[in-house]
Amino acid sequence: MRFYKYLYRGLLFLLLITFSSNIFSQKPPVKWGKVSPDEWKMKVCDFDTSASAIVLCDYGQINFEYGKPITVTIHTRIKILKKRGLDQANITIPFYKRNNIENIIKIKAQTINKTGEEGAGTYKVNNQDFFEVDADETWGEMRFSMPSVQVGSIIEYQYVLRTKDAFQLKGWTLQSDIPTLHSEIRAKISEGFDVRIFFRGGRLLKKYGFESLSRWFLTKLPAIKTEPYCPNPQDYLERIEFQLAGYYKRSASYNFDRSSEYVNTMTTWDELANEVMTTEKYNQYLSGGRKISNLTNPLISDDMNEREKVINIYNYVKDEYFWDGKYSVFPGIGLNDFLDKKSGRSANINLLLVSMLQEAGIDATPFLISTLGHGRISDTYPILSQFNHVLAHIKLYGKDQLLDATDPFRPYDYLDVNDYNGLGLSIKKYSSGWVPIKQEKKGKTFINVTIEPDNEEYQYVTKYHFSGYKAIINRKLLAENNERTYAENYLETEEPDLVLDSLRIKNKKEIEKPLIVICYYRKEEVSEISPLFYLKPIITSDFNKNPFVNPVRTLPVYFNFPFEYQYSVNIKIPNNYQIEDVPEQIKLNMPDKSGSFSYLVQVTGSILQIQSKMKFDKTSYSVREYDALRELFDRYIAKNQETVVLKKQ
């Protein structure tokens, strides 16, 4: 499917277009039912030989006509190349159904199968086999299945999407989850409309630059596939957006005149901020009043500094009110109901936090963001649908700080990892301001292991020291499991013969402190069949396999937070053994020094010490950096599998 539910956030540049009257005199790139010899001959996608299906052509025509709904006519043709591609026969087309803003008309679909050297059989989808269903309260879907589909089939469907909303138009996405041979969009714009075009994607920008055009196309587009450590692949699609900026009024006879009055249809960010702040839902939470005072006053005192007041109020909100897991810009329920239920959406919780902070004299405002999975924000045009979450923005001793009280396991100065998505909008009545969301907090895991022989067994004492985001993650796991289940399932060792005897946990509820878990394992001595004994020193790791297995990467790598993982082991060599062989030392760095791996070995008397350490100081790595990143992980995984060889004297 070419259309997505949300407008693109993070658009790259702006272009004003005017309609070229002869643009639709050009032949379309695809004609209903007419299959070319090259399309029949295609057995494999030459730029992605693993592809199970390919979009032969995706063609759209968007029409802006004075006094009429905007329409987009779409014709999509797909060829099935392998058996795995048969699921492409199940089609789902989303549309915005609230207030009948959008609807789908003039839909048709068919399967075309080769029946010999010259012949072809056509199998149409009957009208009664198109089903319009409600996906949720806002979105509808048109669903249907193509008949008689087999490997080699060509399927195509065509429809018109009609919209009444000229201000939040859908864009044209030139890529999908399978490769695309040709994708094209043409725009027909009546004289007098001022429509802005936004490009996103390197190929579009490189090909068209700032040219004033009404037709855009790309060929041989790779599939957008889900890849590890890429939370929102749609942020990187080749895509075009349309925005109605304004229009010239016409006379009663519908004549157009450049001297006519120009109507600006675009609001400003300050106006958008005021619209949000003056809604009844925001007024309920931010107008203060006795209820807010009664909640706030017991938490603060005159001898407290501002930071202490912020921490007390934040801790109260995060501990007393439960987030239902739904992001929102507006509260789902009113203030009174929320205070009674003590459960609600992210806006309910964080607007209450803002109100209580204001009551305490803290400079606090609502802060609109888009979470990682919702897509990046563009600050070019004020479109409220870009946002799906609200935080609290405060000025603490002159510095910007953001708060998100939706998780009882996070200290006040830690955001949810999904909140780090570039920038957000701090809003007040009649004013607003962009603030970058900087990821400065890390997640650290330090593991210290002691291995000692004890009669017929080996004793393993493993001490885990989690701080930052790693402490938050593990406290959540502890809350969801009993202690022993947590240790056995989430602190799993790579030594299958280790038996967990007991464990101790420190700072389980003190979220400002590191979480410490101490596990006591034992392992029966392996019966000897040779004078050599092989001991694996690295028994646990955050990465047992390389997550970056593909030799080629098309999307950037994004870690949720900078992290450090250090494993140190002290091995007591038994009296009747000596060290025969140990792994070699190694030190590796990313080209920009932002990531590193080291493996160090030291022998002191009868103690063998090994330290394996991996560290990344930034969260995002480009496609150009992927090879070095993949190589570092390969070396890390391989090195941690190596063994120490002991020889019996």
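Things worth noting here:
- FRET efficiency, LEU500 to ARG98 (Cβ-Cβ, R0 41 Å, nearest 0.05): 0.15
- MRE, 222 nm, helices only [DSSP H, n ≥ 4, -39500 (n - 2.57), over the chain, to nearest 500]: -4500 deg cm²/dmol
- Straightening the chain between LYS508 and LYS395 buys 37.6 nm, computed as 0.36 nm per residue apart minus the Cα-Cα spacing.
- Extension reserve of the ASP129-ARG624 stretch, reckoned as 0.36 nm per residue once the Cα distance is removed: 173.5 nm
- Taken along the Cα-to-beta-carbon direction at a fixed 7 Å, the label points for ASN570 and THR49 span 5.5 nm.
- Cβ-Cβ FRET estimate between GLN585 and LYS83, R0 fixed at 51 Å, reported to 0.05: 0.55
- Read-out Kirkwood radius over Cα pairs in Å, derived from the coordinates shown; its label in (1) 30.9; (2) 26.4; (3) 29.2: (3)
- The chain - percent of accessible surface contributed by carbon and sulfur, probe 1.4 Å: 47 percent
- Modelled spin labels at LYS341 and ARG484, positioned 7 Å past Cα toward Cβ, are 3.9 nm from each other.
- Ranking of GLU584, GLU141, GLU510 by solvent-accessible surface, largest first: GLU584, GLU510, GLU141 (1.4 Å probe, protein heavy atoms only, all chains present).
- Anisotropy class of the range 219-312 from Cα gyration tensor, a/c 1.5 cut: oblate
- Accessible surface calculations at 1.4 Å, restricted to protein heavy atoms, place the chain at 47 Å² per residue.
- R0 of 45 Å, Cβ-Cβ distance GLU320-ASP542: FRET efficiency to nearest 0.05: 0.85
- Rounded to the nearest 10 Å², the accessible area of THR122 at probe 1.4 Å: 80 Å²
- Taking all protein chains together and a 1.4 Å probe, the residues SER622, SER346 rank SER622, SER346 from largest to smallest accessible area.
- Label positions at ALA120 and SER36, each projected 7 Å from the Cα along the C-beta direction, are separated by 1.2 nm.
- The range 351-445 shape via C-alpha gyration tensor axes, a/c threshold 1.5: oblate
The values are calculated or read from the model by the stated rules, or taken from the named source; none is laboratory data. If you're wondering where the values come from, they're calculated on a predicted model, not measured in any experiment. Glycine also receives a Cβ, built like all others from the backbone with ideal geometry; neighbour counts cover every protein chain displayed. Areas reflect the complete protein model, heavy atoms only, side chains present, ligands, DNA and RNA absent. Shrake-Rupley method; radii C 1.70, N 1.55, O 1.52, S 1.80 Å.
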